[in-house]
Structure formats: C-alpha cells, structure tokens
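**Q** This is the structure I want to talk about, given as structure tokens.
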Amino acid sequence: MFKRLRSLFRVLTRRREFEDGMTEELRFHVEQYTDELVRTGMSPGKAARLAQQELGSLTNVKGDCREAFGVHLFDEFRRELSYAARLLRKTPGFTATALLTLAICLGANLTIFAVIDSVLLRPLPFPEPGRLMTIFNTYPKAGVDRDGSSLTNYYERRGHISAFASLAIYGYSTEIIGDPGSTAREQTMRVSPDFFSTLGLGPAIGRTFTDEETTSETDHVAILSDTFWGQRYNADPNVLGKQIRVNSVPRTVIGVLPPTFRFLSADTRLFLPLASRPEDRLPSRRHSGGNVIQMIARLKPDATLAQAQSQIDAQNATLELDDPQAKMIADAGFRSLVVPLHADHVAAIRPTLLLLQAGAMALLLIGAVNLVNLLLVRASSRVKELAVRQALGASRGYLVSEVIVETTLLTIVGGLLGLAVAAGGIHLLRVLGADRLPLGGRIAFDARLAMVGLVAAIIMGIVFAVPIAWFNLRRHLGNTLQSESRGGTSGRTAQRMRHGFIVSQIALAFILLAGAGLLGLSLQRAMAVSPGFQSDHVLTGQILLPWATYPDAARLTFVESLMDNLSHMPGVLSAGVVNNVPFSGHNGKSAATVMGHVRRPGESARGHYSYGVAGDYFRAMGFSLLAGRFLTADDSRRSERVCVVDEDFARYYWPNASAIGQRLWDGSEAAKDAEAFTVVGVVGGAKQAGLTEDEAQGAIYYPYAFRIDDSFFVAVRTSLPPESLGLALQKEVRQIDPDIPVNDLRSMETRITDSLAARRSPALLAGLFSGIALLLTAIGTYGVLSYAVAQRRREIGLRMALGAQPRQIRIQFLSLSLRLLASGTILGVIGAWLTGQAMQAVLFHVQPLNLAILAGAACLIGLVSLAACLLPSQRAARISPMEALTEQ
Amino acid sequence: MTKTAELLPGTLDMLILKAVSLKPLHGYGVLVRIRQISGDALEIPQGSLYPALYRLEHHDLIAAAWGQSENNRRAKYYTLTAAGRRRLRDETAGWNRLATAIAAALNTTSEEV
C-alpha cells in the first residue's frame, strides 16, 4: 500500500515527465510496428495506419495508463477545483461575504481555542503530569476555604502515604539578588529537596537540594533557572560552585534547570531550599499553614486519587486524636483535600473559558447557517444547469464531489483567513492580559492551532456540502427541465429550511446578546461595589527586608525612618505601612480569639484578615472611622497591646455592644490576660481580596511591632496623580538602604481595576461576539428575504397588476419577518434562560434571567432584523408589474 | 498462419511477467516476445498492453528504465523486480495446478466415473 502511494506521489510530482514518457513510449511502439509491417511488404502509409489502428485511440490508451497509476482521480480533482474556483470568482460578492464570515467565525473560535488549549488541554511539562496532585487544608466552617499546607503536614506525611511515590512542598517569594549597588528583586521559590523528583524533572547540570540543606544554617545553596543562568551568567557551564548573594547572604550555585522547566505559571528565576527550624515542624504548628506553603505529590502508577485521599483522611484522623485543639479543628470542618495539580491550578478560569468557547461556537453556528443559506440560494440559481448536465449523463457521484470540492475550497480559504484572524486575536488577548491567566504564558499561535484550524475548515466544507448536494440531487429532473424560469422554482421544503435557519440564527444571536448582557451587568455591579476605603490618589508598593540584615528591631527602625522621610516628601498627605494591602492578591486569614466570646454549638474559630500597621495607614488609605480612634505612629512606638477592628468584625462578635474596650488574642486560643489586645477603634469594613468578595470575614489591625513579616506594603496618599510619585518613593527607600528596591508599585485604583480583569476581558469578548452575531444575523435575514422577493417577482407583479397595493405587499413581507423574529426570540429566551443557569458561577449579583437584559436583547435583535427586512420589503413594494411580467 | 487463441482474463499480466523475466524488454518487445514464445498462438490486444505494463509498474512487479533500443532509439525497458519474480513463480504454479486439474477433468472418460 505504502509503495503504491509512493509511486503515485512520484508520478504526481513529475507529472510532465510521466506524460512525455508515455507519449514517447507509445510513439516508439507505433513506429516499431510500422517498420515491421513495412518489412512484410506493406506500403508505409498503410502500415502506419494499421499500426495506429491496432493500438486503438491514443487518448483511451493514455487514459487507461493514467488510471493504472491512480493519477486520473487527481486530474478530475484538479478539474473540479478549477471549476469551483471559476464559479467563486464569478460571484465576488458572495465569495467575499462567505470568506469574511468564515474568517471571523473561525478566527474567534481558534483564538479562544488557543487559550483553552494552553490553559486547559495541554498537559503540564513534566513526565506523566496526570499523576501530579496538590494537597491543601480547608476549614470551610471557619470561612477559610484554602490554607495551603504546613511544614508539619509535610514532615508527617512524607513517606507515610503509600499512594504517593513522592511528596514535596514549595512556597513563592521574592528575594533581593546581587552584590551591593546592583541588586535586583527576583521571583524565587523555596522548595523541599524532593520538589524536583516529585515533578520528575531536575537540574540539567548539577544536583538538587538535600535534606541536610533544610535548616537556616545549612541552606546556603541555590539552583538557577535556565533564563537566569543565561542572563546573569551568559550560560557559563562552569557556574556550579560560584557564589550568588541572596538577601545579602552568599549562596553556592549547585544546579541549573533545563530550559523546559516551568512550574505552573511561575516565572521563577531562582530556587532555594525551604529551610525551617525544628520547632516549626512540631505537631502544634500543624494548622498554621496560612496559605504560604503549598504541597504537591506524585501518585504511584497503580494508585488512585481516591486511595490517596482516604489515606490522608485516615492519617489526619489518627494525628488529631492527641491534638489539644482537635475539637475546634473538627468544628471548622477541617479536611486536607487531594486534587489534580493542573485542574486545581486552572479551576478558577475554567468556567469562563468554556463559556467563551461556547459563545464563539454559537457565533460559528450563526455564520455557518448564513453560509448554508447563501450556498442554497446559489445552488437554486443553478438548478437548471445541473439538471441539464445530469440529463446529459453527469453521474450523481460526480455532482456530489463537485459540491464538496467547491464548499471545501471555500472553507479552506476561509480557514486560512481565520488563522490570520486568530493570530491577531491572540495578540489582542495578550494586550487584554491573557498571559496573566494561569498557564497563560503558554498561549501561542503554533502548528497545533493551524492544524486544528485546517481540519475544522475541511470538516465544515464537507458538512456544508451535505444540504447543497441533497438539494441539487433530490429534485425530479423532468419537472426542473420543464419549468420555465431559468433558475427553477424553490420548493416549499427549501423555503421552510431557509426560514428555519433564520429563526435559529435569531435565537442564537439572542442567547449571545443575553449572555454578554449578563457578563456586562455583572462587571458593572462589581465595579459599583465600594472597596470600603478611598482608593483614589493612593500609591502602594511592596518592600521586602532580608532577615539577615534586618532583625525585628532593625525593621521597626527602617519603617520609622521611612515614615519620617515620607512625611517630608512634597505632595505626600499621609503615609502608612501594612503587611498586606487589600487587592494585593495574597491576602490570607488567620485566627483570633475574643475574650468572653462563648462559641455557639458548631461554631468554630473564625479566620480574619489580620494586619500589622504602622505610620498613618488608615488615613493614607482613606478608611472611615466609626468609633474610637485609628492606630497612629505613636502606637507603633509604644508596646501597648491595642488594636483596631472593622465593622464586620465588631458586628459579628458584639452585635449589641460597643467594641471599644473589648479584648482579644491573636491566635486560635485564649492566652494570658496580659497578651490580649484592647480594641481602641472601629473602622469601616473593606474588601480585601476582591470587589466581588461577598462574605465579610472581618479584619483586625495590630500595631506593626506585633505582626512583623518578611515584607510590607507602603501606602502613600498624595494630592498628585499617584503614579507620578513612584520614582520619588523609590528614591526615599534607597536613601535609607541602597540595597532595597520597591516592588509592585501600583496605585490602589490600578490594583482594583486589575482585580477585575478576569471579568472585564470575558465581558468585552462576549460583547464583541454578540456584535458580530447581530451583524451576521442581519446579513442572513437580509439575504433570505431579498432572495424571496426576487423569487416571487412575477407573482408580486401579477398581484399588483390585479390591483394589490404596494402597502399590502410591503406588509406581507414585513409580517413574514416579524413571524420569524417572534419565533426566534421565543427560542432565544428559552436558550438564554438555560445559558444563564450554566453561567451562574461567573455572575455577580445578577439573576440568570434578568428581565431588563432580555428586553434589551429583544429590542436590539428586533431593530436590527427589522432594518434588515425593510430594504427587501421596500423593493418588493416597488416592483413594476409591467417589467416583472414581461421579463424572461 | 496458425490459429490464434483468445487471451483468458488475468493471463496477460502473467505473460508480461514471463516475457520480461527472460530479458529486459521495451513495450513493443514484450508484444513480440509473447507472440514468439507462444509460437504465434497468442495475440495480445495492443490497446491493453500498456495499461497492463503501467499497472505492473505501479504495483512494483516490474521496474522501468530508459535505454537504447536495437536501432539506437530511446526506449523504455522493463525488468522484473524481486516482487515480480515471486509473483511469476506463484502464478505459474497456480496456473499449472489449474491446467492439470482442468485437463484431467476434461480427459475423464465414462468408465472412470
């Protein structure tokens, strides 16, 4: 089989040679035979004639020879192809419309598919990625859905869960890298020694971390990413053993990762051991994850997720037996969940992407219906020609293959244009921030996408051919040939089919419009939510102080002098410091215990947003003061245990009493009286993780001295445009310590806007899709009605000759379109309701069936399709009876 | 002139293979050779000779190459390939079996039944 294909291919690529050889060979034959006949005594003329006669018609012999190689099929195909191309060239209007429709519809689908492919479909770049799992603690009843894993979890589970071949933990951070004067902040990851072996991909040169390197005294090693190695060391192969300064402490480079290494969406430059102290690994620290450390694991080849889950559950149950906090943990609904790593990483964006692909599919369907309609109209104008050819002996198979070749040629060219549109679309998505999606960095226009596009185009071509071929072949030859009109009449079925198409188009466009409306309204409602503070004119930036050079006391001094410097900076109204500003993207909750609060049955300790603040944080952020006072710079200096809570916190614990003077402990259990904090103020509740965060968990603000972290944010309120202050702020920080950069400099308003990106882009795209859908529907409706008018020209002319008024004719066509519109809208409402149900996960404060949106969509569709009907109806009413009746 | 026999369907390929197995031949040579080795008993329809040659070449049973003819003309010469040789052997054996069986059947006399 393969050999024959090869021989066919050889002939096809050297077609000229094949044909010439054949001619020469046959001529040689005739000459040889003629010579022989002449030798037997025949006259040369007669001999030549006889020789030719014996061989038979050259055309036939050559045809048979070509058939022997299977070449004839290609000749036929080429003939059909050039015929189709000629037909398409003859109707440039149709061809352009069809190609444009295909380009836009396929382009939209391919663009979204490129995203879906890289985010959802393409496996993670590790061996057997399907076996990679992530495990996290959840305390749903305490309002903490996700708390990562603790070091204790890791050391307790490692080697004890038999379903896992290997288990590892990691945490993201940023560190200051480089020698004094030329430092830069780089994305880093702290990982346990088995991190790389769990993923199944380790350093290309060098080694991984060892267990001995997991204490802060022995962790002076680092593994470089390939890009970092290339940029910083010019890919020096002798980099192993060199020193690199991380947070002012030298570390030894022990490995370089391969270029393909990319863990989820992280753009990590440097990997460091996740070092910890023995006391961090004690059972008492088991529930102190705080969403800082994450756990991954690799399932054994024969193990299942369910086995792993039950083993984890069993171990948790055993460990909790002697946990003094067991009751509270159980009340919080504690569990450690095992979920596939890839699916978990993209879980949040999945519904939105699928929804967008569904929208693009609906668009494609509308476009396809339009095309089939146009093709049918075209086919019906050629009915007679086809009937004549059939009568003359064209086979059905030939006519069908002719249609397939024509539609496929159209869709392939459309598909190529669609790929070009997709290339632009992918670029547009990047501008909209698609590379910030989980795994969004992988989105690219590649051979895989081109392949999908071409295959889709070919399939569409074949699907389009079905109704056309059926339409061409089903009619009775005799009737068609006898019918006097040149185009032939269109049957009732064909007409009903076209009307059905219009109805389904209107319904689909309606669904798209309603869906886009729901997304748009959700976005609008989300944008209308007040963050709870005055977000305008606030600049924020993150500062990370290395522990080595900044122990606790030095941190406070740094903050103190920074506040002092900033207060003298021109344009600064107030400035403050906090562990974590709202909308920073990593706001974690921790427990607090209120003195005198008796837990109701089943009520567990609650997780609250807990912050340490210094300087004039509340005034800088524009919080409103509801009772008592703010924490001020003085509180950071004094060691008095005071705190401020927000109104949500106050309402929850003291619904009927004043919060001022109440006392609470930082942590999940009551401690000594002297360690309790006294509430001195109540501030307005603020959105912490996002505007669409519905559950108000409450927040506590402690003086910074009591809650010192790796990093803090500085917030500056200014009278100037906040971004303009960025450089000045950076300078102030460098004045205190030239080694310390300011990271993630953004105004609060930008942070809020960025937090809505996951809503804005889909709403935008859905709006774009429904706009195109409307346009396509208008084109479709216009096309079908124009055709109906043209078809019934003579009938209309006759009726007008018999006294029908133009008004009546116009009303007839308008009422037809109104009927189609009504049925389409009814179907659309049903579809929109179902779609709304499916969309619930991505809606915000909008009911799936929103009357205003439905009415708006109906109005818009109604207007557009009526406008599309108006022109053909008008044309019908203006038909002159004389012309219509006399023309052939 | 001896009486010529009609070619049985399917035997043309076998005869061509046989003809080119003896010596590389061009198309016309194949014709002459078959006539010669069958003692002028078999007449090949010339119109079907070339499609048959092309089919055999396409199936890789014979190979074609351009060469010089006896009268110094460019001509396409066919030779048997390894696959062609195998096919010829199989077909010859099959044919002989068939011919023997048919001959035996036709020679049966009434006593033998």
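The values are calculated or read from the model by the stated rules, or taken from the named source; none is laboratory data. Since this is a predicted model, take the numbers as computed values, not measurements. Because the Cβ atoms are built from the backbone with ideal geometry, glycine has one as well, and the counts that use them run over all protein chains shown.
**Q** Could you give me the residue pairs with C-beta distances under 7 Å whose first residue belongs to region A:303-316 and is in contact (Cβ under 8 Å) with a residue 12 or more places away in the chain and among the polar types (S, T, N, Q), whose second residue is part of a helix (DSSP H, G or I) and surrounded by 16 or more Cβ atoms within 10 Å (Cβ to Cβ) wherever it lies, and which are 6+ apart or on separate chains?
**A** Close Cβ pairs (under 7 Å, with a partner that is part of a helix (DSSP H, G or I) and surrounded by 16 or more Cβ atoms within 10 Å (Cβ to Cβ)) amount to A:Gln315/A:Arg157.
**Q** I've got another one for you. Here is a list of conditions, (1) assigned to a loop (DSSP other than H, G, I, E, B); (2) in contact with a helix residue (DSSP H, G or I) (Cβ under 7 Å, 6 or more places away or on another chain); (3) of a type outside the set (A, V, I, L, M), and A:Pro351 meets all of them except one; can you say which number that is?
**A** (1)
**Q** Follow-up. Pairs please, first residue from region A:51-66 and at the interface with chain B (Cβ under 7 Å from one of its Cβ atoms), second anywhere and loosely packed, with under 15 Cβ neighbours inside 10 Å and outside any helix (DSSP H, G or I), Cβ atoms under 9 Å, 6+ apart in sequence or on different chains.
**A** A:Glu54/B:Pro45; A:Gly56/B:Pro45
**Q** Within region B:34-48, is there a residue that is touching a Leu at 6+ places or on another chain (Cβ under 6 Å), more than 13 Å from every other protein chain (Cβ to nearest Cβ) and outside any strand (DSSP E or B)?
**A** Yes - at least one qualifying residue is present in region B:34-48.
**Q** Take region A:811-832 and flag every residue that is within 13 Å of A:Gly515 (Cα to Cα) and surrounded by 15 or more Cβ atoms within 10 Å (Cβ to Cβ). Steps first, please.
**A** The initial filter retains those residues of region A:811-832 that are within 13 Å of A:Gly515 (Cα to Cα), namely A:828-832.
Across region A:811-832, the qualifying residues are A:Gly828, A:Val829, A:Gly831, A:Ala832.
**Q** Same structure again: Here are some residues: B:Ala19, B:Ala52. Which one is surrounded by 12 or more Cβ atoms within 10 Å (Cβ to Cβ), under 13 Å from the mean Cα position of the chain (by Cα) and at the interface with another protein chain (Cβ under 10 Å from one of its Cβ atoms)?
**A** Sole residue among the options that is surrounded by 12 or more Cβ atoms within 10 Å (Cβ to Cβ), under 13 Å from the mean Cα position of the chain (by Cα) and at the interface with another protein chain (Cβ under 10 Å from one of its Cβ atoms): B:Ala52.
**Q** Answer yes if at least one residue in region A:124-137 is out of contact with any helix residue (DSSP H, G or I) (no Cβ under 9 Å at 6 or more places or on another chain), assigned to a loop (DSSP other than H, G, I, E, B) and free of Cβ contacts under 8 Å to residues at least 12 places away in the same chain, and no otherwise.
**A** No, there is no match, as no residue in region A:124-137 is out of contact with any helix residue (DSSP H, G or I) (no Cβ under 9 Å at 6 or more places or on another chain), assigned to a loop (DSSP other than H, G, I, E, B) and free of Cβ contacts under 8 Å to residues at least 12 places away in the same chain.
**Q** Could you tell me how many of the residues in region A:20-50 are away from chain B (no Cβ under 11 Å) and touching a residue at least 40 places away in the same chain (Cβ under 8 Å)?
**A** Qualifying residue count for the region: 0.
**Q** Test A:Ala68 against the criterion of being in contact with a Phe, Trp or Tyr (Cβ under 6 Å, 6 or more places away or on another chain), of a type in the set (A, V, I, L, M) and in a helix (DSSP H, G or I), and give yes or no.
**A** When the stated conditions are applied, A:Ala68 passes them.
Residues checked against (1) aromatic (Phe, Trp, Tyr); (2) within 14 Å of chain A (Cβ to nearest Cβ); (3) over 22 Å from A:Tyr33 (Cβ atoms):
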{"position": "B:Leu8", "(1), (2), (3)": "no, no, yes"}
{"position": "B:Gly29", "(1), (2), (3)": "no, yes, no"}
{"position": "B:Ile62", "(1), (2), (3)": "no, yes, no"}
{"position": "B:Arg87", "(1), (2), (3)": "no, yes, yes"}
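**Q** Suppose we filter A:Phe94, A:Phe113, A:Phe28 for residues that are modelled with pLDDT under 90, on the phi < 0 side of the Ramachandran plot and under 59 Å from the mean Cα position of the chain (by Cα); which single one remains?
**A** Criteria check complete, one pass: A:Phe94.
**Q** Is there a residue being more than 12 Å from every other protein chain (Cβ to nearest Cβ), basic (Lys, Arg), outside any loop (DSSP other than H, G, I, E, B) and over 13 Å from the mean Cα position of the chain (by Cα) anywhere in region B:96-113?
**A** yes
**Q** Moving on. Restricted to region B:64-85, and to residues that are away from every other protein chain (no Cβ under 14 Å) and not polar (S, T, N, Q), which residue is surrounded by the fewest Cβ atoms within 10 Å (Cβ to Cβ)?
**A** Here the answer is B:Arg85.
**Q** Can I ask one more? Select from region A:719-732 the residues that are within 37 Å of the chain's Cα centre (by Cα) and either of a type outside the set (S, T, N, Q) or closer than 11 Å to A:Gly571 by Cα (or both) and list them in ascending order.
**A** A:Leu720, A:Pro721, A:Pro722, A:Glu723, A:Ser724, A:Leu725, A:Gly726, A:Leu727, A:Leu729
**Q** How about region A:695-795: which helices (runs of 4 or more DSSP H) wholly inside it have at least 3 residues that are in contact with a Pro (Cβ under 7 Å, 6 or more places away or on another chain) and crowded, with 17+ Cβ neighbours inside 10 Å?
**A** A:757-791
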